[in-house]
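Since the structure comes first, as structure tokens, the remarks are kept for the end.
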Amino acid sequence: MSLQRSLAIVLQVKDHGDSDKIVTMYTLEHGKIVFIAKGAKRSQKRFVNKLELFSLLTIHFAPSRHSSLMRLDQADLVAPFPGLRQNYELYIAASLLCELVLHWTREHDSDAELFRLLVWALEGLAAAEGSVNRTIIFFHVKMLDILGYRPDLTGCLDCRVLGAPGVLYRFSPLRNGLVCSRCEPQATGNSQPLSLQTIQLLRRVQDMEQEKLGRLQFSLAATREALALLKGYGNHLLQREVQSWSFLS
């Protein structure tokens, strides 16, 4: 079978036997694919310094004759993003983005918009454009939009009002939206308190074009609330913990 070609981001790398690697990538044309890179641990030509986490590659691949995995034949560096592996804070942030894509996507289910979003976020981290946590917020909110899990932040799910004087708000992962203190005086389940400022900022992230998101400024309190919401909501939908969240400062 002839080789296929695609742009790809390295999401996960595992050793396999004495000389091979199992590499999971998110590709532009084919979505998430798990590859076997034969001889990658010993290669001095085809794969040396290429199969590194977060790297943007052009890859050539084909189905394997002896495995359900795809066979990775060639990888060419497009953007290695070495700074993401050399700085601890950036490494954790990039790991979180890639782990989210790893868990939120199915194999061979392509989404060019999600691929471009991941590249955009990794480029932003590598260029140190704005705060790391803000980039995570932008990526996670836009990812939920792309995948069809946009949280409803337009108003209380019961009364549909947002911003009434003296009213407090919580986000309910179970209901995928806001509930207010008038309609639900007692917190239920794993709902997350949100200030009106944080709600309004997250709504702007939902509605803004990617290229303009850098204009938004989050206070420390809004950043903490937004990250807590995204972590709790995401873990609820996935029904699992995303490990990289626990390392985020």
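The values are calculated or read from the model by the stated rules, or taken from the named source; none is laboratory data. Because the structure is predicted, anything quoted here is derived from the model rather than measured. All Cβ positions, glycine included, derive from the backbone under ideal geometry; neighbour counts span all protein chains shown.
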Contacts under 8 angstrom Cβ, first residue in segment 7-26 being over 11 Å from Leu53 (Cα atoms) and without any contact (Cβ under 8 Å) to a residue 60 or more places away in the chain, partner of a type in the set (Asp, Glu) and surrounded by fewer than 24 Cβ atoms within 10 Å (Cβ to Cβ), 6 or more apart: Lys21/Asp15; Ile22/Asp15
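Can you pull out the residues in segment 217-231 that are exposed (fewer than 14 other Cβ atoms within 10 Å of the Cβ) and either small (Gly, Ala, Ser) or outside the structural domain of Pro165 (by TED's automatic domain parsing) (or both)? Give the derivation first.
Narrowing segment 217-231 to residues exposed (fewer than 14 other Cβ atoms within 10 Å of the Cβ): 217, 219-221, 224.
The answer is Ser219, Ala221.
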Just one listed residue, out of Leu100, Leu122, Leu90, is surrounded by 18 or more Cβ atoms within 10 Å (Cβ to Cβ) and within 14 Å of Thr24 (Cα to Cα), and it is Leu100
Just to verify a result, which residue in segment 180-211, among those that are part of a helix (DSSP H, G or I) and modelled with pLDDT under 95, is surrounded by the fewest Cβ atoms within 10 Å (Cβ to Cβ)? Glu211
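Considering only segment 125-136, how many residues are assigned to a helix (DSSP H, G or I) and touching a residue at least 60 places away in the same chain (Cβ under 8 Å)?
Taking segment 125-136 and keeping what is assigned to a helix (DSSP H, G or I), we get 125-126, 132-136.
Right, trim to touching a residue at least 60 places away in the same chain (Cβ under 8 Å) and you get 133-134, 136.
Total satisfying the criteria: 3.
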Of the criteria (1) within 25 Å of Asn235 (Cβ to Cβ); (2) modelled with pLDDT of 95 or more, which one Val161 fails: (1)
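How many of the residues making up segment 63-122 are among the hydrophobic types (A, V, I, L, M, F, W, C) and at positive phi? Quick ask: steps written out before the conclusion?
To start, the set of residues in segment 63-122 that are among the hydrophobic types (A, V, I, L, M, F, W, C) comprises 69-70, 72, 75, 77-79, 81, 84, 90, 92-94, 96-98, 100-102, 104, 112, 114-115, 117-122.
Adding the requirement that they be at positive phi leaves 81.
Number satisfying all stated conditions: 1.
Of these, Gly214, Gly155, Gly177, Gly234, which one is surrounded by 15 or more Cβ atoms within 10 Å (Cβ to Cβ) and within 24 Å of Glu123 (Cα to Cα)?
Numbers: Gly214 fails: surrounded by 15 or more Cβ atoms within 10 Å (Cβ to Cβ); Gly155 fails: within 24 Å of Glu123 (Cα to Cα); Gly177 fails: within 24 Å of Glu123 (Cα to Cα).
Only one candidate qualifies: Gly234.
Matching residues to (1) closer than 27 Å to Gly31 by Cβ; (2) more than 17 Å from the chain's Cα centre (by Cα); (3) in a loop (DSSP other than H, G, I, E, B); (4) in the same structural domain as Leu117 (by TED's automatic domain parsing):
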residue	(1), (2), (3), (4)
Phe138	yes, no, no, no
Arg150	yes, no, yes, no
Val161	no, yes, yes, no
Val167	no, yes, yes, no
Leu178	no, yes, no, no
